[in-house]
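See structure below.
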Amino acid sequence: MITGFPPLSFLILIPVIGAVVCYGPWFARERDAQARLCRAWSLAVSAMTLVLLLAIAKAGVSDPRVVLSVSETRPWLPSLGINLNLLLDGLSFVFCLLTCVVTLAVIAWSSRPAEAGPSWYGLLLVGQSTVLGAFLATDLFVFYCFFELMLLPVLVAMALWGGPRRLQAALKFLLYTIVGSVPMLLSILYVTWVSSEALGHSSGGTKFTFDLFSLSTVNALSPTQQIAAGLGFLVAFAVKTPIVPLHGWLPETYREAPHGTAAFTAALLGKVGVYGIIRFMFPLFPDFMLLAGPYLAAAGAIGVVYGAMVAMVQRDVRSLLAYSSISHLGFCILGIGVASDLAITGAVFQAVSHGLVTVALFLVFGKVIEREGTRDLDSFGGLAQQIPVSAFFLMVFSIAAVALPLTSSFVGEFLIIIGSWKGAPGWTALALVGVVLGAVYTLTAYLKTMFGPERERSGAASIPDMRGGEVVVAAALAAAIVFLGVFPQSTLDTIAPAVEQQLAKMPEGGLANPRAQMRPRASSAADAADTQSSEGLVQNIALAGKQEGTAR
Amino acid sequence: MTFMGFVFSAIALAAALGVVFNRNPLYSAFSLIVQLLAMAGLYSVLGAHFLAVTQVVVYAGAIMVLVLFVLMLLNLKSESGRKLGIVKPLVALGVGFSVVATVFPAVVAQFKDISLMTLQENLWKSEGGVKAIGQEIYGRYIVQFELSSLVLLIGIVGAIMLSKRKRIVIGPREGGLGGKQ
Amino acid sequence: MAGEDLRLSLVVLAPLIGSILSYLLGRRVPKLAGIVASGAVLVSFVATVLLWREVSPTTAFTSSLSSWLTVSFQGAPFSLPIDLYFDSLSAVMCLIVTGVGFLIHVYSAGYMAHDKGIARFFAYLNLFIAAMLILVLGKSLPVIFIGWEGVGLCSYLLIGFWYTNTEYAKAGRKAFVMNRIGDVGFIVAMALLFTYCGTLDVVELSKESVLARVPAGLAFLVGISLFVAATGKSAQIPLFTWLPDAMAGPTPVSALIHAATMVTAGIYLMGRMHGVVELDPAVPAVILWVALATAAVAATTALAQNDIKKVLAYSTVSQLGFMFLAVGVGQYSVALCHVVTHAFFKACLFLSAGSVIHECHHEQDMRRMGGLAKKMPITAACYGVSTLAIAGICPFAGYYSKHAIFGAISTTTNPFLHPYIGLVGGLATAIAVCTAFYMARSFIMTFLGSYRGEGHPHEAPVVMTAPVAILGVLAVVGGFLFVHPITDFVTGPLPPTSVGHESGGLFGIFIGSLPGIFGIALAAYLFILAPREKDVLRAIFSPLERLFERKYYADELLDIAVVRPVDKLSGVAYRAIDQRIVEGSGGAVGSVVQAVGELTCRMTTGQVTTYVLLMFFAAAALFSVFSQVR
Amino acid sequence: MSSIVTYIGLSLVLFAIGAVGVCIRRNAIVVFMCIEMMLNAVNLAFVAFSKLQGNLDGQVAVFFVMVIAAAESAIGLAVIISVFRSLVSVETSDAAQLKW
C-alpha cells in the first residue's frame, strides 16, 4: 500500500488541480495556441489519473483471487458522523476506469467548440473529478455532494457553448436533476436519523453516521420505512439513469450540448444512476428492492422498447443517440430489477460497454455534424467515399451499438438476458423486441449518413476526414470494445465479487425465487463489510478511535 | 369587583364606542381621552396607583395632546359620507366576535375559580406602590429600562426625520414617487 | 490430438487472417486480393479434408480457442468457452462451405476484376467464410450464435456492397433486420435452455437426460423459437422476403451466401439441435407445414419472374422448403444430403447466371437475353446440367436427394403428420413439377432462341468458367457419389435413417424423375413448340400470373402487418407520449406553480384594512391552535 | 365575585372594539387612536394579572408598554403627517399604491 499518501482522495484531487492550472494566467497568450497548450496539459493530467487508478488497483490486490478492496477514511465533519470514506472495490474500479477512459477520449478528440477557450478542458477535468468522487464515496453525505457537483461542469459547458436552445435545455436538465435528488437527500437524512438510535444503543444516546457499511450492517429500517426511503433514492437514480418516465431532460440535453459534453454526459452521468442503485440501494433497502424488482424490470424493458421506437422516428442525429442510450440503459435497469448475481454483473458490464460505445458514437457523429453543418439525418448521405475512415469507425461502433457478438455490448446483453430470464421472462422477451428495433434505427442512421449516392457539397471539403489524434482515440475505443467482447473474463472477475457483496442481503437469484431465505453467508458478508469499512488505511484506525470519542 | 370598578368599566366602554363610531375625529379623540381616564381609574381600583398616575400623565397628557395637535394641524373635517356599505360592519362584527369568542372561553375555563389574591395590602401601601415598582424597574428590569430609553430616542429622531423631508406630492398629477426633490 | 486441435483452429483462422490480408494487400494491388482470399479458403479446405479423413460417425475433435465467459449462476460457476467441435455433421458442412466457397472465390476474382472495391469485397467474403465456419464448428450455442450474427453482418455488408445505390443499401438493411428477428428466437431458445437445462453445450443438449429437465409447457416454446431462428436465416415464411431483395448484391455473393451456405445454416441448426426440436412432436409438424407453404409459394412465384437472379432466389427458397420438409418428417440426414446437392447445382446455376450477366453488361432481365448457348457453350451446358439436376432427373444430383425426401415423407411416424402423408406427397410432387417448369423456362429464355439484348456476349474468361464447370460436374456426379455415403457418415450426430437405400430398378428411377421430366416437357412445349399456346394459357391464368409476379404481395403484406404499425406506433410514442406527456408534464408543473403564485398575490390589495383583517384571523387561528396544543 | 374574569372580559371587549375600529374607520388618525385603545385594553389585562399573581411584573410590563406607545405615537403621527402631505388626505384607502 502506498502508505502515508492518501491514494483515493488524491485520485479525485488531481483532475481538480489540473483544471485549476488550466485557468492559470500563464496560458494567457493568444487563444488558439493557449487552447492547444491547455489540451496537452489536460491530456497529461487525465492520463496521470488513469495511471494512478491502475497503480492503486494493482497495489490494492496482489494476486487476482483476493477481492480488490482499497478503502480510506478521513474525518470531515466528525460531530455529524460524516467522514470522507472512499472505497475502491471491483464495482467502483470498473466505473472509475470507464470515467478515466471516457475523459481521456473526449479531451484527445478535438471536440473543443471553436468559441471555447482553455476553460473547456478545465470543465471536463472538474467533471471527471466529481464523477470519480461519486464512484468512490461510500459515505452517503459525501456521495450526495458529488452526485450534485457532477451536474455543474456539464451545465456550464452546455449553457456556454451549446446549440441554439441551450438555455432551456440547461435549465430543464438542472431542474430535473435537482427535483430528482432532493428526495434522496431527505431519504439519506431519514435513514441516518432512524439508524442513529439503533446505532447509539450500545453507547447510550444517538450515534450519527452516514457511512454506508455501518448503516447497512445495523439495518434498522423496517420494511415500510425502507419503502419510503428507497423511493427517495429510486427517484434520484431514475432521473439520472433516465428510467423511461423521467427521461424528459435527456433528448434536449444531448441535442443542445456541445459534442464533447454530450459524449461525456451520455457515457458517465447515466452510469452513476446505475452504480448508485447497486451500491446503495441493495445493502440499505433489501426488502424494498425485492418489492420494487418487478416494477424496475418492467420499467427497464419498456424503456428498451420505448427508446428504440422513438429513436426510429427521430430526424435529429443527436436525439436519435439520446433515445438509443435510453434503450441501452433500459437493459441495465431490467438486470437490476431482477437482482440475480448474473443479471447485475451483466448490468454493470452493459453499463460500462454502453459508456464506451456511446462516447464513440457521439464523437464520430459529432465530427459528421460539424462537417455537414446540420444535424438533420435526411440532409446527409453518400459520405462513405468522402470520409472513409469515419465511415469505417462508425460502422464498427454501430455494430457494437447493435450488440453483435464479439463486441462488449453483446456480452452485457447476453448476461442480462440469461440472468434475468428466470426472474422476469415476459419483460426479457419484450426487451429482446427492443433489440430488433435497435438494429433498425442504428442501421437507418448509418445508411442515411454514409450510404446513398455521393453528393458534392461546396463547403464540406473544409473539414478533412479523421486526423491522427482522432484515429488513435477511435481505434483505442474500438479495441477496448472488441477486447471486452472477446476477453470479458478479467473484467467479470473484478465485478462479480463486488456485486456478490452488494447483494449480500438479497435472497439467492433475486426475483427468480424471492421466497428463498436470505443467503447463508449474509451474516459473513455483512461482517466482511463491517470489518472492511474500519480496516482502511493503517493510520486511519487511530483517527477512527479519536473520532469515536468526539462523536458522542 | 367594587362599585367604583363597575362605574369606571361602564365609562370606558361607552367612551370606546364613542371613539369608534364618532363621525368627527375630534370627538372621537375626546372620547378616547375620557376612556383613558376611566382606565386610570380602573388601575387605581386594582391598586396600581403609580400606573394610574402615569397613565394620566403619559397617555392622556402627552399622547392625546399630540394626537389633538395633529388633528388640529390637518384640520380634518368629519369623514365625507359613510361609504361603509353593509360589508364592512359585518366583517368588523365578525372580527370582533371572533377575537372575543376565541379568547374568552379559554380564559374563563382557566381562571374562573381563582380569586384575585388579595396581595398583602401592606406591600403595596407601605411602599406606596411607587417604591416597589421603582425597585423592580431599576432592579431586575434595568436592561429593559435602558433599552426603552433607546427606543424613545429612536422614536424622536424618526419623527424628526419623517417630518423634515421635502414635500413629495404623489397625488394624481405626478403618479409615482419621482416628485420634485 | 494436438495436431487436430491446431488444424481445427486453422480452419477458422485462415479465412480470418485472409480477410485482413486481402484487404491490406488488395488496396495496393487489386489482383492480389482475389488470390490471397482464395488461397486462404483453399488452406481451410485442405485442413478440413485432412481432418475429415480422421473423423468417423462416432469420433469428434474439440479445440478450445479461449475461455470466453465464466459466470456464477445460482451459486454454481458456469463457463461458456469458445470451443470448436468437429464431428461428421460439421465435417460435411465444412467441406461444402470451404469447397464451394473456394470455387466461388476463384470465380469472383474474375467477376469483380474491374470493381474498384475489390479489396473490400474479398475482405467481407473471407470474413463471411470465417463466420460460417464458426457457426458450423461451434461447440456451444453462444459460439454458434457468434457465427450466426457474424454471417448476418457479412450478408448485410455484401448485399449493400454497392452502397452508392440506396436501394441496394436498403436491401442490405432489410436482410439484416429480418435475420435479427430470427436471432431473437435464437436468444430466447438459449435463455430457456440455459435456465432450465443449465447448459448450452451442443453435445450435452443432445443427451436425453439433459433435455428431460425442460418443463413440458416450455418444450414447444424452445422448439418453435429455434425454428424461428432457422426461418430468419433460411428464409422460410414469413421471413423470406429478404432473400429475393438480397439479389441486389454481386452474383458471387448470391451464389455463396444466398444459395450454398448461409441459407442452409437453419437446417444445420435443426440437425444439430434435433433433440430439442423433437421434444414436442407438434414442432416438427409446424416445421413441415411452414416448409410446404414456403416451397409452394416460392415455386409458384418463380414461375412469373423475369429477372434471372430472382428466379434462382425463389427457387432457393423453394428448395429450402424441401429441406425443411425432410426436417419436419425427422429425416435430418436426408435434409443434409439435399443441402449438399443443392449447394452444388444452385451454386452452378448462380455462377453461370453471373457469367451471363457479366457478359451482357449487367443485364439481368431474361427477356433481353436468349440464344446465348451458341455464344457461351460451357456456361450453357453447365446451366442445362444443373437445371436437369434441380428438376430431379435420374442420373443427376437432384434426383437422389429429392427422391430421398419423397421417401422420407412416406415413412414419417409423427402422429400429427401421419394422416396427411398423401396430401403432403402430392403437394411436394406438384412443387417438383413447378420447379422443373420454371427452371426449364429460364434455361430456354436465356440460352435458346435468338439474342434480344444489345451487347455482344461471348464466353466468360476461364477463371469464371472453370469453377462453373467443376460445379456442373459435381451437379452431375454429386447425386450417386455422395447421397448414400453422407447418410451413413452422419449417423453419429444425426438420427439414423433407412431412406434412400432401396433401388427400384429402372422403373423406380423413371417414376422418381417423372415430375422433372413432365415439367421440362411442358416448358419445352409451351416455349419452343407452341408459343401461341403459351399466350392463350397466359390469358386464362392472367390474374394468377399477376399474383405470382407480385410475389403474393408478400412484401406488401409484411409491410402492412409489421412495418407500418410499428412505424405508426413509434410515431405515436414519440409525439403523444414523449412530446405531450413528458415535455408537457414539465410545462404543466410550471403553469400550476404560476397559477398558485397568481392566486396568492391577489391578496395584496393595498388596503390597510385587508392586512389588518388577515392579521387578526391569523392571530385567532394561532391562539386556538396553541390553546389546544398545551 | 372579585375574580379576574370581569377585568379580562372588559379588556377583551375593549380590545374587540379597538379591532373593529381599526377595521372600519378609514381615517388614519382614528385608526391610530383605536390602536391606542387596544394597547390600553392589554394594559388592563396586565394589571389584572399582576394583581392575580401578586407580583409587580405585570405592572412593570404596563410601564414599558406605555413607553413604547409613546414612541410609537410619535412615529405614527409623523408618518400620518408625511402621508397627508403627499396625498393631501388621510384616508387609508387613498394610500393604496402598494398593490399587485
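Filter the stretch C:260-316 down to the residues that are among the charged types (D, E, K, R) and farther than 23 Å from C:Pro495 by Cβ and list them by number.
C:Asp307, C:Lys309, C:Lys310
Please state which one of C:Val46, C:Val41, C:Val29, C:Val55 is surrounded by 24 or more Cβ atoms within 10 Å (Cβ to Cβ) and of a type in the set (Val, Ile, Thr).
Within the list C:Val46, C:Val41, C:Val29, C:Val55, the selection yields C:Val41.
Taking C:Gly370 and the conditions (1) assigned to a helix (DSSP H, G or I); (2) assigned by TED's automatic domain parsing to the domain that holds C:Ala432, which numbered condition does it fall short on, given that it satisfies the others?
(1)
Against the conditions (1) of a type outside the set (D, E, K, R); (2) more than 7 Å from chain B (Cβ to nearest Cβ); (3) closer than 13 Å to B:Ile63 by Cα, where does D:Val22 fall short? Just the number, please.
Going through (1) of a type outside the set (D, E, K, R); (2) more than 7 Å from chain B (Cβ to nearest Cβ); (3) closer than 13 Å to B:Ile63 by Cα one by one, D:Val22 breaks only (3).
Residue-wise test of (1) modelled with pLDDT of 85 or more; (2) more than 7 Å from chain D (Cβ to nearest Cβ); (3) within 29 Å of D:Leu56 (Cβ to Cβ).
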position: B:Ala52; (1), (2), (3): yes, yes, yes
position: B:Gly61; (1), (2), (3): yes, yes, yes
position: B:Ile86; (1), (2), (3): no, yes, no
position: B:Val100; (1), (2), (3): no, no, yes
position: B:Val103; (1), (2), (3): no, no, yes
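Name the single residue, out of those in the stretch B:158-181 being part of a helix (DSSP H, G or I) and either facing chain D (nearest Cβ under 9 Å) or surrounded by 12 or more Cβ atoms within 10 Å (Cβ to Cβ) (or both), that is modelled with the lowest pLDDT.
Filtering first and then ranking leaves B:Ser163.
Taking the options C:Leu569, C:Leu544, C:Leu599, C:Leu558, name whichever one is touching a Pro at 6+ places or on another chain (Cβ under 7 Å) and either modelled with pLDDT under 85 or not in a loop (DSSP other than H, G, I, E, B) (or both).
C:Leu558
Could you run through the stretch A:420-444 and say how many residues are over 19 Å from A:Met309 (Cα atoms) and facing chain C (nearest Cβ under 7 Å)?
Residues meeting the conditions: 2.
Within the stretch B:107-134, which residues are modelled with pLDDT under 75 and of a type in the set (Gly, Ala, Ser)?
Within the stretch B:107-134, B:Ala109, B:Ser115, B:Ser126, B:Gly128, B:Gly129 qualify.
Looking only at the stretch C:136-152, how many residues end up being of a type outside the set (A, V, I, L, M, F, W, C) and more than 9 Å from chain A (Cβ to nearest Cβ)?
Counting residues in the stretch C:136-152 that are of a type outside the set (A, V, I, L, M, F, W, C) and more than 9 Å from chain A (Cβ to nearest Cβ) gives 3.
Any idea which of C:Val202, C:Val151, C:Val184 is farther than 29 Å from C:Tyr552 by Cβ, of a type in the set (A, V, I, L, M) and touching a residue at least 40 places away in the same chain (Cβ under 8 Å)?
Unique residue meeting the criteria: C:Val202.
A:Val364 fails exactly one of the following numbered conditions: (1) assigned to a helix (DSSP H, G or I); (2) surrounded by 22 or more Cβ atoms within 10 Å (Cβ to Cβ); (3) within 14 Å of chain C (Cβ to nearest Cβ). What is the number of that condition?
(3)
Consider C:Val563 carefully, then state whether it is surrounded by 13 or more Cβ atoms within 10 Å (Cβ to Cβ), within 30 Å of A:Tyr441 (Cβ to Cβ) and in contact with a His (Cβ under 8 Å, 6 or more places away or on another chain).
no
Please note which helices (runs of 4 or more DSSP H) are completely contained in the stretch A:170-280 and include at least 2 residues that are more than 30 Å from A:Leu477 (Cβ to Cβ).
A:212-218, A:223-240
Taking the stretch C:344-363 as the region of interest, how many residues are in contact (Cβ under 8 Å) with a residue 60 or more places away in the chain and out of contact with any Leu (no Cβ under 9 Å at 6 or more places or on another chain)?
6
Out of C:Ser108, C:Ser79, report the one residue that is over 20 Å from the mean Cα position of the chain (by Cα) and closer than 30 Å to C:Gly198 by Cα.
After ruling out the rest, the residue left standing is C:Ser79.
In the stretch D:63-100, how many are within 14 Å of chain C (Cβ to nearest Cβ) and closer than 30 Å to B:Tyr141 by Cα?
Matching residues across the stretch D:63-100 total 1.
The values are calculated or read from the model by the stated rules, or taken from the named source; none is laboratory data. All values derive from a computational prediction rather than experimental measurement. A quick note on method: Cβ atoms are made from the backbone with ideal geometry, for glycine too, and the neighbour counts reach across all protein chains shown.
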